[in-house]
1. I'd like to verify a number: residues in the stretch 67-87 that are surrounded by fewer than 22 Cβ atoms within 10 Å (Cβ to Cβ) and outside any strand (DSSP E or B), how many?
2. Within the stretch 183-200, which residues are farther than 24 Å from G264 by Cα and open to solvent by 20 Å² or more (accessible area, probe 1.4 Å)?
3. Here's a check for you: in the stretch 124-138, which residue that is within 16 Å of V195 (Cβ to Cβ) and free of Cβ contacts under 8 Å to residues at least 40 places away in the same chain is least open to solvent (accessible area, probe 1.4 Å)?
4. Just to be sure before I move on: is I206 over 18 Å from A100 (Cβ atoms), open to solvent by less than 10 Å² (accessible area, probe 1.4 Å) and touching a His at 6+ places or on another chain (Cβ under 7 Å) in the structure I sent?
5. Hey, does the stretch 173-181 have a residue that's surrounded by fewer than 22 Cβ atoms within 10 Å (Cβ to Cβ) and assigned to a loop (DSSP other than H, G, I, E, B)?
6. Scan the stretch 40-66 and report the pairs whose first residue is over 15 Å from R21 (Cβ atoms) and open to solvent by 10 Å² or more (accessible area, probe 1.4 Å) and whose second residue is in a helix (DSSP H, G or I) and not aliphatic (A, V, I, L, M), with Cβ atoms within less than 6 Å and a gap of 6+ or a chain change.
7. Which is open to solvent by 30 Å² or more (accessible area, probe 1.4 Å), touching a Pro at 6+ places or on another chain (Cβ under 8 Å) and modelled with pLDDT under 95, of T165, T226?
8. Evaluate the following for T250: is it in contact with a Leu (Cβ under 8 Å, 6 or more places away or on another chain), open to solvent by less than 30 Å² (accessible area, probe 1.4 Å) and not in a loop (DSSP other than H, G, I, E, B)?
Amino acid sequence: MHPMLTIATRAARAAGQTIMRAYTELDKVEVDSKGLNDFVTSVDKEAEATITYQIRKSYPDHTIVGEEDGENRGSNKDYVWIVDPLDGTNNFVRGIPHFAVSIAVQYKGKIEVAVIYDPVREELFSAVRGQGAKVNDFRLRVTGVNELAHTMIGTGFPFKSRQHTETYMNILGEVFPVCADIRRAGSAALDLAYVAAGRLDGFFEIGLKPWDIAAGDLICREAGGTVTDFTGNHNYLTSGNVVAGSPKVTSELVKIMRPLLNDGLKR
């Protein structure tokens, strides 16, 4: 196993234990607001500290970028760990059992290692660049569908980017009639992992952060999927606007979206 995958897996499982302990006593979890419809809990912070501790034990000089603590700069800037300690905080706070730990390792700007851990189902999605993707010990592969008919598409409402609501609803209005069904589950990391696993045929969302996307990006691509932004380019880690799926599904979704994009989503 890739040594950094070993550490990422260990860190994700340790954070998962922290999260699940708290999940049994939700009434004791402290919840604060970071902004409009953006919440952070004491568990997010504790889980991120757990991950940072595990990384620092083995790689004290690497840089860590986390959702809660921001950039924890190390002397080695070539290696960057991109961490979301609890993706799906709103689900967690309300007792909905659908959330995950997401960890990606970037080397000189390229994501090399990725782990997404669902502590409720004890599913560990992982990938190493050029070596494929797995869930636990099983190989992952995106679905082989060539058209949107009969597909299941995942999405997320732009609840932090409400200026794009009208455009998003227009896109949804065009996608829904041509696919079988749409799911909005509340964790972008798991949505991307589910695309890799063939549970979803495609996925799109507006206004995500790098830690929401980074691990799922590699896992999806290593499972044979295509990941782009809404214009079909590869600016999604910067823009936060992401489309993923089997190559044909991604292409079809982008084809629908392009004519509907407002200026803010064309970047």
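1. 5
2. Passing the criteria: R183, A185, Y194, A197, G198, R199.
3. Quick first cut of the stretch 124-138, residues within 16 Å of V195 (Cβ to Cβ) only: 125-127, 132-135, 138.
Among the residues that remain, those that are also free of Cβ contacts under 8 Å to residues at least 40 places away in the same chain are: 134, 138.
Working: K134: 82, F138: 146 Å².
Selected residue: K134.
4. Working: over 18 Å from A100 (Cβ atoms): yes; open to solvent by less than 10 Å² (accessible area, probe 1.4 Å): yes; touching a His at 6+ places or on another chain (Cβ under 7 Å): yes.
Considered against the rule, which asks whether it is over 18 Å from A100 (Cβ atoms), open to solvent by less than 10 Å² (accessible area, probe 1.4 Å) and touching a His at 6+ places or on another chain (Cβ under 7 Å), I206 comes out as yes.
5. The initial filter retains those residues of the stretch 173-181 that are surrounded by fewer than 22 Cβ atoms within 10 Å (Cβ to Cβ), namely 173-181.
The next check asks that each one be assigned to a loop (DSSP other than H, G, I, E, B); those that pass are 179-180.
Within the stretch 173-181 (the criterion being surrounded by fewer than 22 Cβ atoms within 10 Å (Cβ to Cβ) and assigned to a loop (DSSP other than H, G, I, E, B)), the answer is yes, since at least one residue qualifies.
6. Q54/R10
7. Numbers: T226 fails: modelled with pLDDT under 95.
Every option except T165 fails the conditions.
8. On the way: in contact with a Leu (Cβ under 8 Å, 6 or more places away or on another chain): no; open to solvent by less than 30 Å² (accessible area, probe 1.4 Å): yes; not in a loop (DSSP other than H, G, I, E, B): yes.
It is false that T250 is in contact with a Leu (Cβ under 8 Å, 6 or more places away or on another chain), open to solvent by less than 30 Å² (accessible area, probe 1.4 Å) and not in a loop (DSSP other than H, G, I, E, B).
The values are calculated or read from the model by the stated rules, or taken from the named source; none is laboratory data. Since the model is a prediction, treat every value here as computed from it, not as a measurement. Because the Cβ atoms are built from the backbone with ideal geometry, glycine has one as well, and the counts that use them run over all protein chains shown. For the accessible areas, the whole protein counts, side chains as well, though only heavy atoms, and no ligand, DNA or RNA atoms are used. Shrake-Rupley method; radii C 1.70, N 1.55, O 1.52, S 1.80 Å.
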